[in-house]
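Worksheet for the structure shown next.
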Amino acid sequence: MARHYVGGDRDQLFLLATSMRDWLDEGHLAWFMIDVVAKVDTTAFHVVHPNDGPGRPAYNPDMMLAMLFYAYGIGMRSSLRIEAACRSDAAFRVICGNVTPDHATIARFLIDHEAAIEASFVDVLRLCAAAGLVSVGTIAIDGTKIAADAALDKNRGAEWIRAEVARIVGEAVATDSAEDNAHDLFGLDELPSALSTRKGRLARLEAALERIEAEDEAAKAEANDRAAKAREMAATGRKLRGRKPKDPHAALARAEAEHAGALVRAAAASAERQAIVEAAAEKGRKPRGQPPGSDKGVERAAAALEAARVASAAAPPADTQANITDPDSRIMKTKTGFVQGYNCQAAVNENQIVIACGVTQEANDLRQYQPMVDATAIVLAAVEVTTPIGIVLADAGYWSETNATTEGPDRLIATLKDHKQRRAARDLGTTTGAPPKDASTLDAMEHRLRTPEGSADYAKRSHTVEPVFGDSKHNRGYRVFRRRGLAAAASEWAMINISHNLGKLYRHQTARIAVP
(Lines give C-alpha, C1' and ligand atoms only; values in the text may rest on other atoms or scores of the structure.)
Protein backbone atom coordinates (compact mmCIF):
# COMPACT_ATOMS: atom_id res chain seq x y z
CA MET A 1 0.00 0.00 0.00
CA ALA A 2 1.49 3.31 -1.04
CA ARG A 3 2.14 5.90 1.64
CA HIS A 4 1.94 9.64 1.11
CA TYR A 5 4.31 11.97 2.96
CA VAL A 6 4.89 15.69 2.92
CA GLY A 7 8.46 16.31 1.89
CA GLY A 8 10.59 18.76 -0.03
CA ASP A 9 12.66 18.71 -3.18
CA ARG A 10 16.08 20.09 -2.32
CA ASP A 11 16.98 20.40 -6.01
CA GLN A 12 13.94 22.52 -6.81
CA LEU A 13 14.86 26.05 -7.89
CA PHE A 14 12.86 28.97 -6.54
CA LEU A 15 10.33 29.93 -9.14
CA LEU A 16 9.82 33.43 -7.77
CA ALA A 17 12.16 35.96 -6.21
CA THR A 18 12.56 35.40 -2.46
CA SER A 19 12.15 38.06 0.21
CA MET A 20 13.83 38.03 3.59
CA ARG A 21 10.59 39.39 4.97
CA ASP A 22 9.18 35.88 4.50
CA TRP A 23 11.97 34.19 6.49
CA LEU A 24 10.78 35.32 9.92
CA ASP A 25 7.42 35.93 11.52
CA GLU A 26 6.41 39.55 11.80
CA GLY A 27 6.74 39.50 15.60
CA HIS A 28 10.16 37.86 15.69
CA LEU A 29 12.78 39.21 18.11
CA ALA A 30 15.11 40.04 15.21
CA TRP A 31 12.64 42.52 13.71
CA PHE A 32 12.18 44.04 17.14
CA MET A 33 15.93 44.61 17.54
CA ILE A 34 16.11 46.24 14.09
CA ASP A 35 13.26 48.59 15.07
CA VAL A 36 14.95 49.41 18.39
CA VAL A 37 18.22 50.45 16.73
CA ALA A 38 16.23 52.66 14.35
CA LYS A 39 14.84 54.53 17.38
CA VAL A 40 18.04 55.04 19.38
CA ASP A 41 20.72 57.63 18.72
CA THR A 42 23.64 55.91 16.97
CA THR A 43 25.58 59.05 16.06
CA ALA A 44 28.52 58.07 18.26
CA PHE A 45 28.84 54.77 16.39
CA HIS A 46 28.99 56.47 12.98
CA VAL A 47 31.67 58.99 14.00
CA VAL A 48 34.29 56.25 14.07
CA HIS A 49 33.51 55.30 10.47
CA PRO A 50 33.77 58.28 8.07
CA ASN A 51 31.95 58.09 4.75
CA ASP A 52 35.07 58.47 2.68
CA GLY A 53 38.66 57.42 3.01
CA PRO A 54 40.99 54.68 1.87
CA GLY A 55 40.23 51.01 2.27
CA ARG A 56 37.11 48.93 2.20
CA PRO A 57 33.92 50.59 3.51
CA ALA A 58 32.95 49.62 7.04
CA TYR A 59 29.87 47.60 7.91
CA ASN A 60 26.86 49.71 8.83
CA PRO A 61 27.13 50.37 12.60
CA ASP A 62 23.34 50.21 12.93
CA MET A 63 23.38 46.71 11.47
CA MET A 64 26.24 45.66 13.73
CA LEU A 65 24.51 47.05 16.82
CA ALA A 66 21.22 45.28 16.02
CA MET A 67 23.15 42.05 15.46
CA LEU A 68 24.88 42.38 18.87
CA PHE A 69 21.64 43.30 20.67
CA TYR A 70 20.04 40.16 19.25
CA ALA A 71 23.08 37.96 19.96
CA TYR A 72 23.38 39.09 23.59
CA GLY A 73 19.63 38.74 24.00
CA ILE A 74 19.74 35.03 23.13
CA GLY A 75 22.90 34.37 25.16
CA MET A 76 25.50 34.44 22.39
CA ARG A 77 28.68 36.49 22.88
CA SER A 78 31.38 34.58 21.03
CA SER A 79 32.35 36.47 17.87
CA LEU A 80 33.14 33.16 16.16
CA ARG A 81 29.68 31.81 16.95
CA ILE A 82 28.05 35.06 15.81
CA GLU A 83 29.96 34.90 12.51
CA ALA A 84 28.81 31.30 12.02
CA ALA A 85 25.22 32.29 12.83
CA CYS A 86 25.35 35.04 10.20
CA ARG A 87 25.85 32.27 7.64
CA SER A 88 23.34 29.70 8.88
CA ASP A 89 20.75 31.37 11.11
CA ALA A 90 17.85 33.07 9.36
CA ALA A 91 17.45 35.71 12.08
CA PHE A 92 21.09 36.78 11.85
CA ARG A 93 20.91 36.76 8.05
CA VAL A 94 17.89 39.04 8.15
CA ILE A 95 19.55 41.45 10.59
CA CYS A 96 22.76 41.56 8.54
CA GLY A 97 21.00 41.75 5.18
CA ASN A 98 22.69 38.53 4.01
CA VAL A 99 26.23 39.81 4.59
CA THR A 100 28.63 38.07 6.97
CA PRO A 101 30.93 40.16 9.17
CA ASP A 102 33.93 38.11 10.22
CA HIS A 103 34.65 37.44 13.88
CA ALA A 104 37.57 39.90 13.99
CA THR A 105 35.32 42.70 12.74
CA ILE A 106 32.71 41.86 15.37
CA ALA A 107 35.33 41.84 18.14
CA ARG A 108 36.84 45.13 16.97
CA PHE A 109 33.39 46.73 16.87
CA LEU A 110 32.95 45.97 20.58
CA ILE A 111 36.37 47.44 21.34
CA ASP A 112 36.06 50.54 19.15
CA HIS A 113 32.58 51.41 20.47
CA GLU A 114 33.15 50.55 24.11
CA ALA A 115 31.97 53.92 25.45
CA ALA A 116 29.14 54.29 22.92
CA ILE A 117 27.69 50.92 23.88
CA GLU A 118 27.74 51.88 27.55
CA ALA A 119 26.04 55.19 26.72
CA SER A 120 23.29 53.46 24.71
CA PHE A 121 22.00 52.00 27.99
CA VAL A 122 20.18 55.30 28.57
CA ASP A 123 18.67 55.33 25.05
CA VAL A 124 17.23 51.86 25.53
CA LEU A 125 15.92 52.78 28.98
CA ARG A 126 14.18 55.75 27.40
CA LEU A 127 12.22 53.31 25.19
CA CYS A 128 11.30 51.30 28.28
CA ALA A 129 10.10 54.50 29.95
CA ALA A 130 7.91 55.31 26.94
CA ALA A 131 6.32 51.87 27.35
CA GLY A 132 5.57 52.57 31.01
CA LEU A 133 8.07 50.09 32.42
CA VAL A 134 10.30 52.54 34.33
CA SER A 135 8.39 52.78 37.59
CA VAL A 136 10.37 54.08 40.57
CA GLY A 137 8.12 53.31 43.52
CA THR A 138 10.50 50.57 44.64
CA ILE A 139 14.16 50.26 43.65
CA ALA A 140 16.24 47.28 44.75
CA ILE A 141 20.02 47.38 44.51
CA ASP A 142 22.39 44.45 44.71
CA GLY A 143 25.74 43.21 43.45
CA THR A 144 26.91 39.98 41.87
CA LYS A 145 30.40 38.69 41.17
CA ILE A 146 31.34 37.97 37.57
CA ALA A 147 34.66 36.34 36.78
CA ALA A 148 37.30 38.10 34.71
CA ASP A 149 39.12 36.52 31.78
CA ALA A 150 41.97 35.73 34.17
CA ALA A 151 43.00 32.77 36.31
CA LEU A 152 42.89 32.99 40.09
CA ASP A 153 46.38 31.49 40.36
CA LYS A 154 47.96 34.24 38.22
CA ASN A 155 48.31 36.70 41.10
CA ARG A 156 51.90 37.68 41.73
CA GLY A 157 53.82 39.92 44.12
CA ALA A 158 55.94 42.96 43.32
CA GLU A 159 59.30 41.15 43.47
CA TRP A 160 58.21 38.45 41.03
CA ILE A 161 56.80 41.05 38.64
CA ARG A 162 59.97 43.17 38.74
CA ALA A 163 62.09 40.11 37.96
CA GLU A 164 59.82 39.15 35.06
CA VAL A 165 59.88 42.70 33.68
CA ALA A 166 63.70 42.68 33.78
CA ARG A 167 63.77 39.33 31.96
CA ILE A 168 61.37 40.47 29.22
CA VAL A 169 63.24 43.75 28.73
CA GLY A 170 66.50 41.81 28.41
CA GLU A 171 64.97 39.49 25.80
CA ALA A 172 63.58 42.50 23.92
CA VAL A 173 67.02 44.15 23.80
CA ALA A 174 68.59 40.96 22.46
CA THR A 175 65.83 40.58 19.87
CA ASP A 176 66.15 44.20 18.76
CA SER A 177 69.90 43.70 18.30
CA ALA A 178 69.35 40.59 16.20
CA GLU A 179 66.72 42.38 14.11
CA ASP A 180 69.10 45.29 13.48
CA ASN A 181 71.73 42.86 12.19
CA ALA A 182 69.21 41.08 9.96
CA HIS A 183 67.53 44.21 8.64
CA ASP A 184 70.12 44.89 5.94
CA LEU A 185 69.98 41.28 4.76
CA PHE A 186 66.25 40.68 4.68
CA GLY A 187 64.77 44.19 4.68
CA LEU A 188 62.53 43.57 7.70
CA ASP A 189 60.19 46.50 8.23
CA GLU A 190 58.03 45.13 11.03
CA LEU A 191 58.68 43.68 14.46
CA PRO A 192 58.06 39.92 14.78
CA SER A 193 54.77 38.83 16.29
CA ALA A 194 56.57 37.27 19.26
CA LEU A 195 58.02 40.66 20.17
CA SER A 196 54.62 42.26 19.79
CA THR A 197 53.15 39.67 22.17
CA ARG A 198 56.05 40.23 24.55
CA LYS A 199 55.35 43.96 24.57
CA GLY A 200 51.71 43.30 25.40
CA ARG A 201 52.74 41.06 28.28
CA LEU A 202 55.21 43.67 29.48
CA ALA A 203 52.44 46.30 29.49
CA ARG A 204 50.22 44.05 31.63
CA LEU A 205 53.05 43.38 34.07
CA GLU A 206 53.82 47.08 34.39
CA ALA A 207 50.13 47.79 35.00
CA ALA A 208 50.05 45.10 37.70
CA LEU A 209 53.18 46.54 39.34
CA GLU A 210 51.71 50.04 39.25
CA ARG A 211 48.56 48.74 40.93
CA ILE A 212 50.58 47.02 43.69
CA GLU A 213 52.60 50.16 44.39
CA ALA A 214 49.47 52.32 44.49
CA GLU A 215 47.70 49.93 46.88
CA ASP A 216 50.76 49.74 49.11
CA GLU A 217 50.90 53.54 49.34
CA ALA A 218 47.19 53.73 50.07
CA ALA A 219 47.45 51.01 52.74
CA LYS A 220 50.37 52.80 54.40
CA ALA A 221 48.49 56.09 54.40
CA GLU A 222 45.39 54.45 55.87
CA ALA A 223 47.45 52.65 58.54
CA ASN A 224 49.24 55.89 59.48
CA ASP A 225 45.91 57.71 59.71
CA ARG A 226 44.43 55.03 61.97
CA ALA A 227 47.53 54.99 64.17
CA ALA A 228 47.41 58.80 64.52
CA LYS A 229 43.73 58.68 65.53
CA ALA A 230 44.48 55.89 68.01
CA ARG A 231 47.32 57.91 69.58
CA GLU A 232 45.07 60.96 69.77
CA MET A 233 42.39 58.98 71.62
CA ALA A 234 45.00 57.37 73.90
CA ALA A 235 46.36 60.78 74.90
CA THR A 236 42.97 61.58 76.44
CA GLY A 237 42.72 58.20 78.15
CA ARG A 238 39.80 56.97 76.05
CA LYS A 239 39.54 53.27 75.26
CA LEU A 240 39.85 52.29 71.60
CA ARG A 241 36.81 50.77 69.93
CA GLY A 242 36.34 48.55 66.93
CA ARG A 243 38.00 45.35 65.79
CA LYS A 244 41.71 44.89 66.15
CA PRO A 245 43.50 44.85 62.78
CA LYS A 246 44.66 41.49 61.45
CA ASP A 247 47.91 42.88 60.06
CA PRO A 248 50.61 42.37 62.75
CA HIS A 249 52.25 45.73 62.03
CA ALA A 250 48.95 47.62 62.34
CA ALA A 251 48.12 45.56 65.43
CA LEU A 252 51.40 46.69 67.02
CA ALA A 253 50.52 50.36 66.47
CA ARG A 254 47.13 49.79 68.09
CA ALA A 255 48.69 47.91 71.04
CA GLU A 256 51.10 50.81 71.61
CA ALA A 257 48.19 53.25 71.64
CA GLU A 258 46.18 51.03 74.00
CA HIS A 259 49.15 50.76 76.40
CA ALA A 260 49.61 54.53 76.33
CA GLY A 261 45.91 54.99 77.03
CA ALA A 262 46.07 52.54 79.96
CA LEU A 263 48.98 54.53 81.45
CA VAL A 264 47.02 57.78 81.13
CA ARG A 265 44.00 56.22 82.83
CA ALA A 266 46.20 54.75 85.59
CA ALA A 267 47.87 58.13 86.15
CA ALA A 268 44.47 59.83 86.34
CA ALA A 269 43.24 57.23 88.84
CA SER A 270 46.41 57.64 90.93
CA ALA A 271 46.06 61.43 90.96
CA GLU A 272 42.44 61.12 91.98
CA ARG A 273 43.40 58.77 94.86
CA GLN A 274 46.19 61.10 95.96
CA ALA A 275 43.74 64.00 96.10
CA ILE A 276 41.44 61.94 98.31
CA VAL A 277 44.32 61.06 100.65
CA GLU A 278 45.46 64.68 100.95
CA ALA A 279 41.94 65.92 101.58
CA ALA A 280 41.46 63.34 104.35
CA ALA A 281 44.84 64.21 105.89
CA GLU A 282 43.90 67.88 106.15
CA LYS A 283 40.79 66.91 108.08
CA GLY A 284 42.70 64.40 110.23
CA ARG A 285 40.72 61.47 108.92
CA LYS A 286 41.60 58.23 107.22
CA PRO A 287 41.00 58.19 103.48
CA ARG A 288 37.97 56.29 102.29
CA GLY A 289 38.31 53.12 100.19
CA GLN A 290 41.08 50.61 99.85
CA PRO A 291 44.58 51.72 98.92
CA PRO A 292 45.22 51.10 95.22
CA GLY A 293 47.07 47.94 94.28
CA SER A 294 48.67 47.08 91.00
CA ASP A 295 46.80 48.38 87.97
CA LYS A 296 45.47 45.30 86.15
CA GLY A 297 44.61 47.33 83.07
CA VAL A 298 48.19 48.51 82.64
CA GLU A 299 49.49 44.98 83.15
CA ARG A 300 47.13 43.56 80.52
CA ALA A 301 48.00 46.33 78.07
CA ALA A 302 51.73 45.77 78.66
CA ALA A 303 51.36 42.02 78.05
CA ALA A 304 49.36 42.66 74.87
CA LEU A 305 51.98 45.14 73.70
CA GLU A 306 54.81 42.64 74.22
CA ALA A 307 52.84 39.95 72.33
CA ALA A 308 52.17 42.38 69.50
CA ARG A 309 55.89 43.23 69.26
CA VAL A 310 56.81 39.55 69.01
CA ALA A 311 54.12 38.94 66.34
CA SER A 312 55.21 41.99 64.36
CA ALA A 313 58.88 40.96 64.43
CA ALA A 314 58.05 37.42 63.29
CA ALA A 315 55.59 38.47 60.58
CA PRO A 316 56.86 38.56 56.98
CA PRO A 317 56.56 41.84 55.10
CA ALA A 318 53.19 42.46 53.49
CA ASP A 319 53.04 40.98 49.99
CA THR A 320 50.41 42.80 47.96
CA GLN A 321 49.59 40.89 44.79
CA ALA A 322 48.04 41.73 41.44
CA ASN A 323 46.77 39.56 38.62
CA ILE A 324 49.25 39.59 35.74
CA THR A 325 46.57 38.66 33.18
CA ASP A 326 43.98 41.30 34.14
CA PRO A 327 45.52 43.78 36.62
CA ASP A 328 42.18 45.58 37.04
CA SER A 329 40.44 42.45 38.38
CA ARG A 330 40.33 41.51 42.05
CA ILE A 331 39.91 38.38 44.14
CA MET A 332 36.21 38.18 45.05
CA LYS A 333 34.57 35.89 47.60
CA THR A 334 31.37 34.15 46.50
CA LYS A 335 29.07 31.53 48.03
CA THR A 336 30.97 28.79 46.22
CA GLY A 337 34.51 30.05 46.85
CA PHE A 338 36.83 32.69 45.46
CA VAL A 339 36.81 34.07 41.93
CA GLN A 340 39.08 36.47 40.06
CA GLY A 341 36.69 39.08 38.77
CA TYR A 342 34.57 42.16 39.36
CA ASN A 343 31.66 43.22 41.55
CA CYS A 344 28.78 44.11 39.21
CA GLN A 345 26.04 46.36 40.59
CA ALA A 346 22.47 46.90 39.42
CA ALA A 347 19.50 48.98 40.50
CA VAL A 348 16.22 47.32 39.46
CA ASN A 349 12.57 48.35 39.68
CA GLU A 350 9.47 46.22 40.30
CA ASN A 351 9.15 45.48 36.56
CA GLN A 352 12.66 43.97 36.70
CA ILE A 353 13.99 46.74 34.49
CA VAL A 354 17.61 47.63 35.24
CA ILE A 355 17.61 51.38 35.93
CA ALA A 356 21.34 51.77 36.59
CA CYS A 357 24.35 49.48 36.49
CA GLY A 358 28.05 49.67 37.18
CA VAL A 359 31.19 47.64 37.82
CA THR A 360 33.51 48.07 40.77
CA GLN A 361 36.76 46.49 41.91
CA GLU A 362 35.66 46.47 45.56
CA ALA A 363 34.62 43.03 46.76
CA ASN A 364 32.29 44.48 49.39
CA ASP A 365 28.98 46.21 48.63
CA LEU A 366 29.26 48.56 51.63
CA ARG A 367 30.54 51.60 49.72
CA GLN A 368 28.34 51.02 46.67
CA TYR A 369 25.02 52.12 48.15
CA GLN A 370 25.33 55.85 47.58
CA PRO A 371 27.03 55.58 44.15
CA MET A 372 24.18 53.35 42.92
CA VAL A 373 21.50 55.67 44.32
CA ASP A 374 23.23 58.65 42.68
CA ALA A 375 23.60 56.76 39.38
CA THR A 376 19.90 55.88 39.47
CA ALA A 377 18.94 59.53 39.95
CA ILE A 378 21.22 60.62 37.08
CA VAL A 379 19.79 58.02 34.68
CA LEU A 380 16.19 58.85 35.63
CA ALA A 381 16.86 62.51 34.95
CA ALA A 382 18.39 61.59 31.56
CA VAL A 383 15.27 59.64 30.53
CA GLU A 384 13.08 62.48 31.89
CA VAL A 385 11.41 60.48 34.66
CA THR A 386 10.59 63.12 37.27
CA THR A 387 8.75 60.89 39.76
CA PRO A 388 10.83 60.63 42.96
CA ILE A 389 12.05 57.24 44.11
CA GLY A 390 9.67 55.78 46.68
CA ILE A 391 11.92 53.41 48.61
CA VAL A 392 15.31 51.75 48.11
CA LEU A 393 15.81 48.14 49.21
CA ALA A 394 19.24 46.66 49.94
CA ASP A 395 20.55 43.57 51.69
CA ALA A 396 22.92 43.41 54.65
CA GLY A 397 25.99 43.88 52.48
CA TYR A 398 25.07 47.58 52.26
CA TRP A 399 24.35 48.12 55.96
CA SER A 400 26.14 50.92 57.77
CA GLU A 401 24.94 53.83 59.84
CA THR A 402 26.20 56.19 57.13
CA ASN A 403 24.18 54.45 54.42
CA ALA A 404 21.14 54.38 56.69
CA THR A 405 21.23 58.07 57.58
CA THR A 406 22.62 59.86 54.52
CA GLU A 407 20.29 62.16 52.60
CA GLY A 408 18.22 60.60 49.85
CA PRO A 409 15.14 58.44 49.28
CA ASP A 410 13.54 56.37 51.99
CA ARG A 411 15.32 53.02 52.40
CA LEU A 412 15.19 49.63 54.03
CA ILE A 413 18.62 48.05 54.51
CA ALA A 414 18.85 44.67 56.17
CA THR A 415 21.09 44.57 59.22
CA LEU A 416 21.63 40.80 59.01
CA LYS A 417 21.84 38.23 56.25
CA ASP A 418 18.45 37.14 54.96
CA HIS A 419 18.23 33.82 56.86
CA LYS A 420 19.37 35.51 60.09
CA GLN A 421 16.93 38.36 59.45
CA ARG A 422 14.04 35.91 59.14
CA ARG A 423 15.12 34.02 62.27
CA ALA A 424 15.40 37.27 64.24
CA ALA A 425 11.93 38.26 63.09
CA ARG A 426 10.55 34.92 64.32
CA ASP A 427 12.37 35.18 67.66
CA LEU A 428 11.51 38.84 68.36
CA GLY A 429 8.11 38.86 66.71
CA THR A 430 6.45 41.66 64.79
CA THR A 431 6.03 45.23 65.94
CA THR A 432 4.01 48.24 64.87
CA GLY A 433 4.32 51.97 64.67
CA ALA A 434 7.35 54.20 64.41
CA PRO A 435 10.64 53.32 66.12
CA PRO A 436 11.15 54.70 69.65
CA LYS A 437 12.58 58.22 69.71
CA ASP A 438 15.65 57.13 71.69
CA ALA A 439 16.39 54.13 69.42
CA SER A 440 19.79 53.90 67.76
CA THR A 441 20.07 53.86 63.97
CA LEU A 442 20.49 50.08 64.04
CA ASP A 443 17.54 49.52 66.39
CA ALA A 444 15.33 51.85 64.38
CA MET A 445 16.06 49.99 61.13
CA GLU A 446 15.44 46.60 62.75
CA HIS A 447 12.18 47.94 64.20
CA ARG A 448 11.02 49.03 60.73
CA LEU A 449 11.96 45.66 59.21
CA ARG A 450 9.80 43.87 61.80
CA THR A 451 6.69 45.94 61.10
CA PRO A 452 4.15 44.39 58.69
CA GLU A 453 4.71 47.27 56.23
CA GLY A 454 8.50 47.09 56.40
CA SER A 455 8.53 43.32 56.12
CA ALA A 456 6.26 43.42 53.06
CA ASP A 457 8.38 46.10 51.40
CA TYR A 458 11.67 44.33 52.03
CA ALA A 459 10.24 41.04 50.74
CA LYS A 460 10.01 42.66 47.29
CA ARG A 461 13.82 42.79 47.06
CA SER A 462 14.29 39.07 46.47
CA HIS A 463 11.91 38.90 43.49
CA THR A 464 13.00 42.24 42.05
CA VAL A 465 16.77 42.18 41.61
CA GLU A 466 17.69 38.52 42.15
CA PRO A 467 15.80 37.23 39.06
CA VAL A 468 17.71 39.74 36.89
CA PHE A 469 21.02 38.22 37.95
CA GLY A 470 19.55 34.73 37.52
CA ASP A 471 18.51 35.52 33.95
CA SER A 472 21.93 36.92 33.04
CA LYS A 473 24.08 34.29 34.74
CA HIS A 474 21.99 31.12 34.60
CA ASN A 475 19.66 31.51 31.62
CA ARG A 476 22.10 33.26 29.29
CA GLY A 477 25.36 32.01 30.80
CA TYR A 478 27.03 35.36 31.46
CA ARG A 479 29.36 34.26 34.25
CA VAL A 480 32.71 35.34 32.76
CA PHE A 481 33.65 38.58 31.03
CA ARG A 482 35.14 38.06 27.58
CA ARG A 483 37.42 41.10 27.61
CA ARG A 484 39.95 42.32 30.16
CA GLY A 485 40.09 45.59 32.06
CA LEU A 486 37.65 47.61 34.15
CA ALA A 487 36.44 49.75 31.21
CA ALA A 488 35.84 46.69 29.04
CA ALA A 489 33.97 44.93 31.87
CA ALA A 490 31.78 48.01 32.44
CA SER A 491 30.90 48.16 28.73
CA GLU A 492 30.08 44.45 28.60
CA TRP A 493 28.00 44.64 31.78
CA ALA A 494 26.08 47.52 30.22
CA MET A 495 25.45 45.42 27.09
CA ILE A 496 24.25 42.51 29.21
CA ASN A 497 21.75 44.76 31.01
CA ILE A 498 20.72 46.46 27.77
CA SER A 499 19.83 43.10 26.27
CA HIS A 500 17.94 42.18 29.46
CA ASN A 501 15.88 45.38 29.31
CA LEU A 502 15.20 44.84 25.61
CA GLY A 503 13.97 41.33 26.37
CA LYS A 504 11.57 42.73 28.96
CA LEU A 505 10.38 45.41 26.54
CA TYR A 506 9.89 42.86 23.74
CA ARG A 507 7.80 40.54 25.93
CA HIS A 508 5.79 43.51 27.24
CA GLN A 509 4.92 44.68 23.74
CA THR A 510 4.22 41.14 22.53
CA ALA A 511 1.86 40.51 25.43
CA ARG A 512 0.10 43.83 24.85
CA ILE A 513 -0.45 43.02 21.17
CA ALA A 514 -1.74 39.55 22.03
CA VAL A 515 -4.46 40.94 24.34
CA PRO A 516 -7.69 41.31 22.30
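In table form, for the structure just shown:
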item: Ile106 vs. criteria in contact with an Asp or Glu (Cβ under 8 Å, 6 or more places away or on another chain), of a type in the set (A, V, I, L, M, F, W, C) and in contact (Cβ under 8 Å) with a residue 12 or more places away in the chain; result: yes
item: Condition met for Arg273 (at pLDDT below 75 and either closer than 15 Å to Ala304 by Cβ or open to solvent by 60 Å² or more (accessible area, probe 1.4 Å) (or both)); result: no
item: Subset of the stretch 397-419 (residues that are touching a helix residue (DSSP H, G or I) at 6+ places or on another chain (Cβ under 9 Å) and closer than 18 Å to Thr138 by Cβ); result: Tyr398, Asn403, Ala404, Gly408, Pro409, Arg411, Leu412, Ile413, Ala414, Asp418
item: Single condition Lys239 does not satisfy, out of (1) surrounded by 12 or more Cβ atoms within 10 Å (Cβ to Cβ); (2) within 16 Å of Val298 (Cα to Cα); (3) of a type outside the set (Asp, Glu); result: (1)
item: Hits in the stretch 56-84 (condition: open to solvent by 70 Å² or more (accessible area, probe 1.4 Å), within 19 Å of Asp102 (Cβ to Cβ) and assigned to a loop (DSSP other than H, G, I, E, B)); result: Arg56, Pro57, Asn60
item: Leading residue by the ranking (surrounded by the fewest Cβ atoms within 10 Å (Cβ to Cβ)) among those in the stretch 397-415 that are part of a loop (DSSP other than H, G, I, E, B) and free of Cβ contacts under 8 Å to residues at least 60 places away in the same chain; result: Glu407
item: Evaluation of Lys145 against (1) basic (Lys, Arg); (2) outside any helix (DSSP H, G or I); (3) at pLDDT below 95 (one fails), failing number; result: (3)
item: Scan of the stretch 389-423 for residues that are modelled with pLDDT of 95 or more and over 20 Å from Pro435 (Cβ atoms), ordered by number; result: Ile389
item: Count of the stretch 9-34 residues which are in a helix (DSSP H, G or I), more than 31 Å from the chain's Cα centre (by Cα) and within 19 Å of Ala131 (Cα to Cα); result: 1
item: Residue in the stretch 109-116 that is open to solvent by less than 40 Å² (accessible area, probe 1.4 Å) and of a type in the set (Asp, Glu) present; result: no
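The values are calculated or read from the model by the stated rules, or taken from the named source; none is laboratory data. Just so we're clear, the structure is a prediction, and the values are computed from it rather than from any experiment. FYI the Cβ positions are ideal-geometry reconstructions off the backbone, even for glycines, and counts take in every protein chain you see. To get the accessible areas, we keep the full protein, side chains included, count just its heavy atoms, and leave off ligands, DNA and RNA. Shrake-Rupley method; radii C 1.70, N 1.55, O 1.52, S 1.80 Å.
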